[in-house]
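The values are calculated or read from the model by the stated rules, or taken from the named source; none is laboratory data. Not measured: the values here are computed from a predicted model. Quick reminder, even Gly has a Cβ in these numbers, built from the backbone with ideal geometry, and neighbours come from all protein chains shown.
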């Protein structure tokens with residue numbers, strides 16, 4: 001049969017299309033012989049008598065399984081529908097399609113326009129039943145071949161993975177040795193950076209805080225510079241994806257994992273679209289071998305890290321949320337005692353103060369709100385309860401914090417030294433390259449000189465940032481922290497302590513707080529669930545509507561009411577300051593401030609005895625009797641003169657009528673030093689001889 005019989009002249013007047021395809025980009029780069037043989041089909045098309053030959057190679061690097069869009073195949077279909085194609089040339093059926101839907105659709109179109117399908121085996125007319133049957137079998141074999149090959153490869157991979165021998169791509173910090181197998185990367189700088197990420201997350205409890213900490217310390221992270229072959233790296237500023245990728249990867253816990261993600265298929269525009277990398281729960285992993293290789297952390301620490309990351313996820317409802325800063329100490333920690341929902345935080349006033357509220361019932365069902373109360377006093381009360389709980393261990397905790405701080409500084413210094421060592425090596429290498437260059441070749445010598453200067457500049461920058469003294473040489477005096485237990489409140493309120501640190505400390509000891517409001521007595525009732533399993537109840541007075549947070553405390557008002565009738569404003573202010581009771585704004589008391597509070601609270605002022613008052617101060621009593629304050633104090637100590645104290649720490653008060661008693665007048669009338677009262681239990685130093 002001649003070529004004219006196989007391909008009529010009318011078809012030769014049309015266009016011949018040569019379809020070229022390879023499945024992956026790797027095949028495009030490495031399998032050049034397959035490309036060459038497919039492009040050789042152009043000469044075969046001309047040999048058959050086609051003068052107009054078009055090559056469609058848009059689908060190089062695209063799979064024909066039907067899950068990937070193929071613009072080249074779509075263009076071929078469009079040309080067939082337009083009746084412009086006389087023959088379709090392909091190396092074999094698998095190049096055109098690996099799925100029955102595309103293959104039979106193509107054959108149907110070729111049959112409608114009488115176009116031929118030509119491969120290296122021959123010329124086929126889809127209009128003929130025998131040729132159509134043969135082409136259908138070739139397409140089915142191509143589709144079946146893909147399924148068989150894929151199943152064999154996956155079964156072999158799973159079998160090898162169950163033994164832990166499948167060489168998966170390993171993350172930063174590991175390397176496959178040809179002889180020794182899997183092991184740690186010999187780059188100590190890389191190892192220290194990875195260990196630093198885990199150590200900082202253990203201390204800070206947040207991936208973002210780890211990122212900010214490493215950015216502040218100018219610690220860099222490697223990035224591949226060889227298109228994913230993971231042999232050459234450049235050190236760049238660390239990114240969030242680097243931190244979270246290391247924290248979530250079980251490989252760093254010494255665990256060999258295979259099948260921890262899955263693919264999902266969806267129908268989009270009539271085609272199957274597959275997406276990969278969807279994580280599966282730990283219990284659904286196909287292969288998990290613990291203690292397979294040396295890990296940077298233990299499996300237990302890995303699980304704790306995942307729990308902490310889950311708590312940090314504010315997108316999920318329920319569960320205690322980790323401290324993220326803000327002005328509300330108990331944000332994400334309060335549970336409504338009426339409906340069981342988490343209380344939300346709102347901010348009102350200027351400056352803005354936190355308000356805790358539970359309004360979900362009102363928002364979702366139109367029911368009344370469960371509760372709303374100001375957060376300032378509640379936060380302060382819970383903070384005092386926390387400090388009271390940790391007070392016995394304050395000194396030990398301080399030494400532990402100091403030790404952790406010194407260890408972190410030492411780790412930072414070690415990472416910096418390794419970076420400096422690497423920079424000095426690169427500078428030395430640049431110097432040797434410049435020295436080995438022909439000085440007459442200025443084009444190359446100039447570039448090598450520039451590289452050398454850049455390396456030297458980097459060494460100088462690192463030397464400037466290098467710590468001058470190792471923290472391990474600094475001795476800590478235990479006496480420095482001896483009085484810390486008495487000053488926990490000042491340490492808690494220190495400006496250097498951020499709200500985020502306070503929140504994290506609170507969540508370290510407290511699991512949950514169930515809150516309710518007693519509307520009759522206007523108390524906020526807090527049931528604190530401690531991490532150790534114990535519970536404690538705390539009641540805080542709910543402020544009245546419009547009451548600001550700078551009001552004078554009830555304890556200070558009680559002292560003021562007790563002393564106001566007997567003492568001047570100066571004495572009341574001094575007593576309040578000695579008792580450590582500040583004003584509502586946290587300031588010390590003065591006579592003017594005491595007088596201002598008395599006027600607002602309608603507390604009567606002091607009236608001295610010389611103005612027909614009943615009580616005298618020690619100074620006023622001394623003036624009446626014409627003696628010194630020291631003489632009056634001695635009379636009080638010897639119980640000659642009666643005196644009272646309104647509250648502990650307040651000055652003495654003397655009743656004016658007691659100054660006229662015969663005992664007091666007789667004691668005042670005696671001249672010279674007051675006689676000492678003989679002690680009957682004291683033996684004489686010398687005896688009569």
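Just a few scattered comments:
- Check on residue 356, in the same structural domain as residue 383 (by TED's automatic domain parsing), at pLDDT 90 or above, in a strand (DSSP E or B) and under 29 Å from residue 495 (Cβ atoms): yes
- Restricting attention to segment 531-553, the residues that are modelled with pLDDT of 80 or more and assigned to a loop (DSSP other than H, G, I, E, B) total 6.
- Residue within segment 23-39 that is modelled with pLDDT of 90 or more and under 24 Å from residue 127 (Cα atoms) present: no
- Residue selection: residue 166 satisfies the criterion of being surrounded by 14 or more Cβ atoms within 10 Å (Cβ to Cβ), touching a helix residue (DSSP H, G or I) at 6+ places or on another chain (Cβ under 7 Å) and not assigned by TED's automatic domain parsing to the domain that holds residue 18.
- Segment 504-530: number of residues that are surrounded by fewer than 16 Cβ atoms within 10 Å (Cβ to Cβ), out of contact with any helix residue (DSSP H, G or I) (no Cβ under 8 Å at 6 or more places or on another chain) and outside any strand (DSSP E or B): 5
- For segment 192-217, the tally of residues that are touching a residue at least 24 places away in the same chain (Cβ under 8 Å) and closer than 20 Å to residue 417 by Cα stands at 11.
- Options 181, 205, 254: the member that is crowded, with 18+ Cβ neighbours inside 10 Å and at pLDDT below 85: 205
- Among the residues here, residue 48 does not qualify as surrounded by 15 or more Cβ atoms within 10 Å (Cβ to Cβ) and within 21 Å of residue 145 (Cα to Cα).
- Segment 1-104 holds strands (runs of 3 or more DSSP E) entirely within its bounds, and those carrying 3 or more residues that are assigned by TED's automatic domain parsing to the domain that holds residue 139 and in contact (Cβ under 8 Å) with a residue 40 or more places away in the chain map to 15-22, 85-89.
- Residue in segment 258-278 that is buried (at least 17 other Cβ atoms within 10 Å of the Cβ) and either free of Cβ contacts under 8 Å to residues at least 24 places away in the same chain or assigned to a strand (DSSP E or B) (or both) present: yes
- Enumeration of residues in segment 85-106 that are more than 16 Å from residue 72 (Cβ to Cβ) and surrounded by fewer than 19 Cβ atoms within 10 Å (Cβ to Cβ): 92, 100, 101, 104
- Matching helices (runs of 4 or more DSSP H) fully within segment 392-501 where at least 2 residues are at pLDDT 80 or above and in contact with a helix residue (DSSP H, G or I) (Cβ under 8 Å, 6 or more places away or on another chain): 394-436, 442-465
- The set of residues from segment 327-352 being under 26 Å from residue 386 (Cβ atoms) and modelled with pLDDT under 85 comprises 327, 332, 348, 349, 351, 352.
- Qualifying residue in segment 590-604 (condition: modelled with pLDDT of 85 or more, assigned to a loop (DSSP other than H, G, I, E, B) and under 30 Å from residue 489 (Cα atoms)): yes
- Enumeration of residues in segment 57-79 that are in contact with a strand residue (DSSP E or B) (Cβ under 8 Å, 6 or more places away or on another chain) and closer than 17 Å to residue 110 by Cα: 72, 73, 75, 76, 79
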